[in-house]
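A.B. asks: Below is the structure I would like to discuss, written out as structure tokens.
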Amino acid sequence: MNARVTTAAPRTRLVVGISGASGFIYGARLLELLRALDIETHLVVTRAAQLTMAHETDYKLAEIVARADFYHRADDVAASVASGSFRTLGMIVAPCSMKTLAEIATGTSSGLLTRAADVTLKERRPLVLLARETPLTLAHLRNMLAVTEMGGIVAPPVPAFYARPASLAQMVDHTLGRALDLFGLDAGTALRWGEPDTPSPIHQPHLSTTKEHA
């Protein structure tokens, strides 16, 4: 009789996409929160996102890549995350540009990020898009509707003022905490209405879009 072959369950994985919309800090901080939660991250950064990074922050791509467990080039459509057989918890795009939204809504995958999003939808896994644009055109709204009808979740990074944020860092952390709630992950950074306010075990007291200098 053949012995049954067993394999260890893979570590919980999440695909993180960073596209070219304003708000690069959302993706950068998200990787920190996921590392603290011991979630294996697979990162895809578009070329437009790298341009935004240069305009909005002092980060270098190597610093962001170092925050992820695995980094996949945006043009590598043969990467693991391009296949539905690669098991993940889902995918989050933070921030999500309107171009990226449009490609996901229409199933037009010009690169790995939107291919991975398409795979997430077809495998019926959670796909969360932090869509960053305002005001919205009818095309934007129709694309959001299409993604929602396919099972994706459009979660614009809108600040929650009931949390009385005292800094940009707190606003970013609250938004990302609520986004991770959609995957059943508690980052400890979201103030919960009606619940006791408790200090976060992974709270970062200081968050900057620039590097610390000695």
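The values are calculated or read from the model by the stated rules, or taken from the named source; none is laboratory data. Since we're looking at a predicted model, the values are computed, not measured. Glycine gets a Cβ as well: all are built from the backbone with ideal geometry, and neighbour counts include every protein chain shown. Ligands, DNA and RNA are excluded from the accessible area calculation, which covers all protein heavy atoms including side chains. Shrake-Rupley method; radii C 1.70, N 1.55, O 1.52, S 1.80 Å.
A.B. asks: So is G107 crowded, with 19+ Cβ neighbours inside 10 Å and in contact with a helix residue (DSSP H, G or I) (Cβ under 9 Å, 6 or more places away or on another chain) or not? Spell out how you get there, then give the answer.
C.D. replies: Values: crowded, with 19+ Cβ neighbours inside 10 Å: no; in contact with a helix residue (DSSP H, G or I) (Cβ under 9 Å, 6 or more places away or on another chain): yes.
Answer is no for this residue.
A.B. asks: Scan segment 85-97 and tell me whether some residue there is on the phi > 0 side of the Ramachandran plot and over 14 Å from the mean Cα position of the chain (by Cα).
C.D. replies: Of segment 85-97, the ones on the phi > 0 side of the Ramachandran plot are 90.
Add one more test, that the residue is over 14 Å from the mean Cα position of the chain (by Cα), and what stays is none.
Looking through segment 85-97, none of the residues is on the phi > 0 side of the Ramachandran plot and over 14 Å from the mean Cα position of the chain (by Cα).
A.B. asks: Also: Tell me, which residue of segment 9-20 that is of a type in the set (G, A, S) and open to solvent by 10 Å² or more (accessible area, probe 1.4 Å) is modelled with the lowest pLDDT? Spell out the reasoning first.
C.D. replies: First pass over segment 9-20, keeping only residues of a type in the set (G, A, S): 9, 17, 19-20.
Remaining after also requiring open to solvent by 10 Å² or more (accessible area, probe 1.4 Å): 9, 20.
Details: A9: 65, G20: 97.
Restricting to residues being of a type in the set (G, A, S) and open to solvent by 10 Å² or more (accessible area, probe 1.4 Å), the top hit is A9.
A.B. asks: Now for a different question. Look through L31, L61 and report the one residue that is open to solvent by less than 60 Å² (accessible area, probe 1.4 Å), within 14 Å of the chain's Cα centre (by Cα) and not small (G, A, S). Steps first, answer last, please.
C.D. replies: On the way: L61 fails: within 14 Å of the chain's Cα centre (by Cα).
After ruling out the rest, the residue left standing is L31.
A.B. asks: So, in segment 64-75, exactly how many residues are surrounded by fewer than 17 Cβ atoms within 10 Å (Cβ to Cβ) and of a type in the set (F, W, Y)?
C.D. replies: Pass one, segment 64-75, residues surrounded by fewer than 17 Cβ atoms within 10 Å (Cβ to Cβ): 65-66, 69-70, 73, 75.
Still in the running and of a type in the set (F, W, Y): 70.
Looking only at that region, the number is 1.
A.B. asks: Just give me the residues in segment 126-138 being in contact (Cβ under 8 Å) with a residue 40 or more places away in the chain and over 18 Å from S22 (Cα atoms), in sequence order.
C.D. replies: If the condition is that a residue be in contact (Cβ under 8 Å) with a residue 40 or more places away in the chain and over 18 Å from S22 (Cα atoms), then P126 is the only one that fits.
A.B. asks: What's the number of the condition C96 fails, among (1) under 19 Å from L182 (Cβ atoms); (2) in contact (Cβ under 8 Å) with a residue 60 or more places away in the chain; (3) open to solvent by 20 Å² or more (accessible area, probe 1.4 Å)?
C.D. replies: (3)
A.B. asks: While we're here: Only one residue in T41, T114, T52 is part of a helix (DSSP H, G or I), buried (at least 16 other Cβ atoms within 10 Å of the Cβ) and in contact (Cβ under 8 Å) with a residue 24 or more places away in the chain. Which one?
C.D. replies: Working: T41 fails: part of a helix (DSSP H, G or I); T114 fails: in contact (Cβ under 8 Å) with a residue 24 or more places away in the chain.
The match here is T52.
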